[in-house]
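Bear in mind these aren't lab numbers, they're just calculated from the coordinates by the rules spelled out. As the structure is a prediction and not an experimental result, all values here were calculated from the model. Positions of Cβ are backbone-derived with ideal geometry, glycine not excepted, and every protein chain shown enters the neighbour counts.
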Amino acid sequence: MLSSKLLPASRILRASGSSLSSSRRRTLATVASSNVVNIVEVGPRDGLQNEKGSVIPVDTKIELINRLAKAGAMNIEAGSFVSPKWVPQMGGTADVIKGIRPLPNVHYAVLVPNKRGLDDLISLLDQHTSHPSLSDEISIFTAATDQFTRANLNCTTAESLERLAPVAKAAVNRGLRVRGYVSVAVACPYTGKVDYKRTREVAAKLRDMGCYEISLGDTVGQGRPWEVAEMIEEVKKEVEVEMLAGHFHDTYGTAVSNVLTALQHGIRTIDSSVGGLGGCPYSPGATGNVATEDVLYALQDSQYKVAGSANGTINLEQMVDIGWWISEKLGRESVSRAGRAIRARRRREAEQKVKSKL
Ligand SMILES: [Zn+2]
């Protein structure tokens, strides 16, 4: 059940008196007193990056991003400037970015692991000026535990923050928005339960280096709703809830519950992946991000309204089609529960139509 409780007046006042300029906020609607939910579609990056199947060609990625924007997605993580040696799925990101048809009001973000990645993006933007811009946002990432950061980035969390600070600064100076990820915010495949104070400290450091939003990731998908609630409450002690996003994976089947829990605790931005694309290479058995279709379905007819550019929201039926289409390109079925149910319903209805004509 969703709580319809309003947030305490103190938080609303604090939000409206915030030092954060409105231009740096995702939208004014992200103020937690509103019931507008922003979706960050991470399928083309976080999703595809962690898929073990065939490498998706550049043209298909471009089509995926264009279709997502057409279905109403306004925040799309489009790719990553990492070495294709390490992450073959992300090869060709420059060509993907050059190939998309940017729509107004859609933010196309690119993950950059270091200064070199940012330089690559900036030189691409310099060579291909367009209105609207091909990309106006980078994402950077670190993790709440040293063990996970070492496995991913070969350094401690503190060292990774030190390396990221000049990247964030250069991006902000260039007029790009910077979004920070805290991986393993709830549970870590190496250390188990995470000390949420660490999650809070890392989130605050990302905020201090200029991130307009910090995405708290249950990267391995082990978090239970009550743990997610505790983690968010801890982080909120230091970072305004308007700056936080929830990023959940569905390994143990708790992702949608965790999304609803995050909303109850004031978060209004949710990362999700069409077709439930994704996984985690450092955590055997980890499944993809919560499926965008499942989040859209869960919020239909609730007190929350999903922001989007297709008649003011994101079109669930179109997302179902995209989820199946891209999953079939990977040689498998869509893992979105809503996506599967809606396709089954459509088939049943089509069969009934044929029968009624007989
Ligand atoms: Zn993820």
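Going by how many other beta carbons lie within 10 Å of each one, how would you line up W226, W324, fewest first? Could the numbers behind the result be given before it?
Working: W226 10, W324 20.
With the fewest neighbours first, W226, W324 line up as W226, W324.
Rounded to the nearest 0.05, what FRET efficiency is calculated for D195 and H131 with R0 set to 51 Å and r the Cβ-Cβ distance? Let's see the in-between values first.
Details: r = 46 Å, r/R0 = 0.90.
Taking R0 as 51 Å, the efficiency between D195 and H131 is 0.65.
Could I have the simple spin-label model distance between A310 and W86, label points 7 Å from Cα toward Cβ, reported in nm to one decimal?
3.5
Would you compute, from DSSP H runs of 4+ residues alone, the mean residue ellipticity of the chain at 222 nm, taking -39500 (n - 2.57) per run and dividing by the full residue count, rounded to the nearest 500? Write out the running numbers ahead of the final one.
Numbers: 12 runs with 144 residues, N = 358.
Mean residue ellipticity, 222 nm, calculated: -12500 deg cm²/dmol.
Using the C-alpha gyration tensor of segment 24-357, what are the square roots of 5 times its eigenvalues, in whole angstrom, with the largest one first? Could you put the intermediate results ahead of the total?
Details: eigenvalues 166, 109, 77 Å².
Those come to 29, 23, 20 Å.
Among the listed pairs K169/K193; K70/K115; K115/K205; K52/K115; K115/K329; K85/K193, which have their C-alpha atoms separated by more than 22 angstrom in this model? Intermediate values should be presented prior to the final figure.
Values: K169/K193 32 Å; K70/K115 32 Å; K115/K205 18 Å; K52/K115 27 Å; K115/K329 33 Å; K85/K193 32 Å.
Among K169/K193; K70/K115; K115/K205; K52/K115; K115/K329; K85/K193, the Cα-Cα distance tops 22 Å for K169/K193; K70/K115; K52/K115; K115/K329; K85/K193.
What's the longest piece of the chain with no exposed trypsin sites (Lys or Arg not before Pro), counting a site as exposed if DSSP puts it in a loop and it has at most 10 other beta carbons within 10 Å? Walk me through the intermediate numbers first.
Values: sites that count: K5, K52, K85, K237.
For trypsin sites (Lys or Arg not before Pro) (loop position, at most 10 other Cβ atoms within 10 Å), the longest site-free span of the chain is 86-236.
Once phi is turned into θ = phi - 60°, what whole-Hz ³J(HN,Hα) does the Karplus curve with 6.51, -1.76 and 1.60 give for every residue of segment 120-137, x standing for Gly and Pro?
4, 5, 5, 5, 5, 5, 5, 7, 10, 7, 8, 10, x, 5, 5, 7, 10, 8
Taking 0.36 nm per intervening residue step and subtracting the Cα-Cα distance, what contour gain separates E328 from D120 on full extension? Could you put the intermediate results ahead of the total?
On the way: separation 208, 0.36 × 208 = 74.88 nm, distance 3.15 nm.
Result for the pair: 71.7 nm of gain on full extension.
Would you order H265, H131 from fewest to most other beta-carbon atoms within 10 Å of each residue's own beta-carbon? Could the numbers behind the result be given before it?
Values: H265 21, H131 6.
Ascending number of Cβ neighbours within 10 Å: H131, H265.
Would you mind calculating the relative contact order of segment 24-357 from Cα pairs under 8 angstrom and at least 6 residues apart, reporting the percent as a whole number?
Values: 704 pairs, mean separation 66.5, N = 334.
Worked out over segment 24-357, it gives 20 percent.
If I model a spin label at D301 and K52 as a point 7 Å from the Cα along the Cα→Cβ vector, what separation in nanometres do I get?
Output for this residue pair reads 3.9 nm.
Express in whole angstrom the spacing between the alpha-carbon centres of segment 143-172 and segment 208-266.
Measuring centre to centre over Cα atoms gives 20 Å.
If each of R163 and K237 carries a label point 7 Å out from its Cα toward its Cβ, how far apart are those two points in nm?
About 3.0 nm, to one decimal.
If you add up the charges near E317, with Lys and Arg at +1 and Asp and Glu at -1, over every other residue whose beta carbon is less than 13 angstrom from its beta carbon, what do you get? It would help to have the intermediate numbers written out before the result.
Values: positive: R67, K70, R343, R345, R346; negative: E293, D321, E349.
My count for the surroundings of E317 gives +2.
Output the relative contact order of segment 193-278, whole-number percent, from Cα pairs under 8 angstrom with separation of 6+ residues.
Working: 113 pairs, mean separation 27.9, N = 86.
For segment 193-278, the relative contact order is 32 percent.
Compute the relative contact order of segment 226-333 as a whole-number percentage, counting only Cα pairs closer than 8 Å that sit 6 or more residues apart in sequence. Please list the in-between numbers first.
Values: 133 pairs, mean separation 24.2, N = 108.
Across segment 226-333, relative contact order equals 22 percent.
Whole-Hz Karplus ³J(HN,Hα) for segment 202-213, in order, using 6.51 cos²θ - 1.76 cosθ + 1.60 and θ = phi - 60°, x for Gly and Pro?
Rounded to whole hertz, the list is 5, 4, 5, 5, 5, 4, 5, 8, x, 5, 7, 8.
Given a Förster radius of 35 Å and the C-beta distance between D95 and A229 as r, what FRET efficiency does 1/(1 + (r/R0)^6) yield to the nearest 0.05? All intermediate terms of the calculation are to be shown ahead of the outcome.
Details: r = 42 Å, r/R0 = 1.20.
Taking R0 as 35 Å, the efficiency between D95 and A229 is 0.25.
For S215, which sequence-distant residues (separation of 5 or more, or a different chain) have an amide H within less than 5 Å of its own amide H, given hydrogens modelled in the peptide plane?
G180, Y181, V182, A245
Only counting other Cβ atoms within 10 Å, I'd like D271, D95, D250 sorted with the fewest neighbours first. Each step should come with its number before you reach the end.
Working: D271 28, D95 15, D250 25.
Arranged by neighbour count, lowest to highest, D271, D95, D250 become D95, D250, D271.
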